[in-house]
1. Enumerate the pairs (first residue in region 119-139 and within 13 Å of GLY288 (Cα to Cα) and at pLDDT 90 or above; second residue anywhere and basic (Lys, Arg) and more than 11 Å from ligand 2 (Cβ to nearest atom)) with beta-carbon separation below 7 Å, excluding pairs fewer than 6 apart on the same chain, so at least 6 apart or on different chains.
2. Looking at (1) crowded, with 24+ Cβ neighbours inside 10 Å; (2) away from ligand 2 (no atom under 16 Å from the Cβ); (3) at pLDDT 95 or above, can you tell me which one ASP82 breaks?
3. Take ALA188 and tell me if it is closer than 22 Å to GLY91 by Cα, small (Gly, Ala, Ser), modelled with pLDDT of 95 or more and near ligand 1 (Cβ under 9 Å from one of its atoms).
4. Among the residues of region 342-358, how many are among the acidic types (Asp, Glu) and assigned to a loop (DSSP other than H, G, I, E, B)?
5. Out of (1) part of a helix (DSSP H, G or I); (2) at pLDDT below 95, what's the single condition that is false for LEU96?
6. I'd like the full set of residues that are at pLDDT below 95 and closer than 17 Å to VAL124 by Cα, limited to region 296-310.
7. So which residues in region 289-308 are closer than 21 Å to LYS199 by Cβ and either away from ligand 2 (no atom under 16 Å from the Cβ) or in a helix (DSSP H, G or I) (or both)?
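The values are calculated or read from the model by the stated rules, or taken from the named source; none is laboratory data. Fair warning: this is a prediction, and the values are worked out from it, not measured in the lab. Positions of Cβ are backbone-derived with ideal geometry, glycine not excepted, and every protein chain shown enters the neighbour counts.
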Amino acid sequence: MKKILGIETSCDECSVSVVGSEIIDQHLELSVVACETFSQIDLHKPYGGVVPEIASRNHLEEFLPTLESCLKSAKVNLNEIDAIAVTQRPGLVGALFVGVTAAKTLAYANKIPLIPVHHLEGHVASLFLEISSSKIQFPLLVLLVSGGHTQLLWIENPPETWEQFALKVWRKGTTLDDAAGEAFDKCAKAMGLPYPGGKYIEESAKLGNPNAFDLPKVSKKVDPNSFSFSGLKTAFIQCLNKLTPEEIIQRRNDLSASIQRAILDHLETRLEHAISVFRPKTLAVVGGVSANQELRTRLERLSKSNIDMKVVFPPLQYCTDNAAMIAAVGAYRLHQNQYLPPLSEAALKLNAIPYSDS
Ligand code: KG4
Ligand code: ZN
């Protein structure tokens, strides 16, 4: 079994993981040996969002203790690690820089191959952490819904044939403005709920009426493969402006249920269209928002009306940012011999890149 050390510091989670990988019946099977994550959410909460300078300084403080505790729970030493996979892009540059520098140093000192990973590839690969890749049928349509991205991705072939992930994944749609998670977070903040707001909206929505407030329906004028949430957010804030602060508190459950319904209606409408056009064998939903139970229930329902299509989600603990998903990409890359050799110039020169595309 190969052991991959994953490192994720692109935003507000400092995460280190050891993932095991082996080929069973011609499929690369992954198992999470250990995954330790230090979440900075409490540090950023008072500001209602991530403060980049606080994020990078805290990664510096937390990286080594997180690494130590991960290796301890995995019961492995660094000299037993076959490759180090690190989030290289996209993200907050100072935060990424901490992870990339740590990965380069560990790889150099221990002569371990280094694998730079795109954070969004990690979210897609989170699917394979507990579901055997032999159980996922292709072509695969992936809805990636996080705090920074909302994209529809199309993957024709199983990961065994990924030569270079970026070349194998086709982007079929993206958001024109805010991401779905961002819409949850901004609407939650406007109601006085803590950061990050998605899970708080979900919690209060359980006790509210989703039809209590009339919010705009999905626009038919926009390209059906594109997403857009900023109009919805503005309409929601206009709705709040008509209420007193006391009324906002009293009606928080109804407000949460209404905005959650509007965001999920938008995602579901786009997915229904994409399914009818692309006809995937499997629909997967990944990224922080895929933790939303109401979204999961709606998509299970959708799969019942598309009997040739299965719906899959990553395990809940791997929906939000974590290093196991980064190590998962590393496992596929290592299997394809795609890594920066130890002590090579490319490994020494690896740099953090804040943006998503070249
Ligand atoms: O993937 P992720 O951890 O970080 C990014 O790469 O952005 O996603 C974080 C996002 C936040 O916007 C958060 O509010 C949202 O995922 N989120 C949720 C839920 N849990 C996390 N949104 C809706 N319902 C949830 N249960
Ligand atoms: Zn993410």
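1. Pairs that qualify, where the first residue is within 13 Å of GLY288 (Cα to Cα) and at pLDDT 90 or above and the partner is basic (Lys, Arg) and more than 11 Å from ligand 2 (Cβ to nearest atom), are HIS119/ARG89.
2. (1)
3. It is false that ALA188 is closer than 22 Å to GLY91 by Cα, small (Gly, Ala, Ser), modelled with pLDDT of 95 or more and near ligand 1 (Cβ under 9 Å from one of its atoms).
4. Matching residues across region 342-358 total 1.
5. Only one criterion is unmet by LEU96, namely (2).
6. Hit for region 296-310 is LYS310, nothing else.
7. Once the filter is applied, which keeps residues that are closer than 21 Å to LYS199 by Cβ and either away from ligand 2 (no atom under 16 Å from the Cβ) or in a helix (DSSP H, G or I) (or both), region 289-308 yields VAL289, SER290, ALA291, GLN293, GLU294, LEU295, ARG296, THR297, ARG298, LEU299, GLU300.
Conditions tested, residue by residue: (1) basic (Lys, Arg); (2) touching a strand residue (DSSP E or B) at 6+ places or on another chain (Cβ under 7 Å); (3) modelled with pLDDT under 95; (4) on the phi < 0 side of the Ramachandran plot.
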{"site": "HIS273", "(1), (2), (3), (4)": "no, no, yes, yes"}
{"site": "SER276", "(1), (2), (3), (4)": "no, no, yes, yes"}
{"site": "ARG279", "(1), (2), (3), (4)": "yes, no, yes, no"}
{"site": "GLU294", "(1), (2), (3), (4)": "no, no, no, yes"}
{"site": "TYR318", "(1), (2), (3), (4)": "no, no, no, yes"}
{"site": "ASN322", "(1), (2), (3), (4)": "no, yes, no, yes"}
{"site": "PRO341", "(1), (2), (3), (4)": "no, no, no, yes"}
{"site": "SER356", "(1), (2), (3), (4)": "no, yes, yes, yes"}
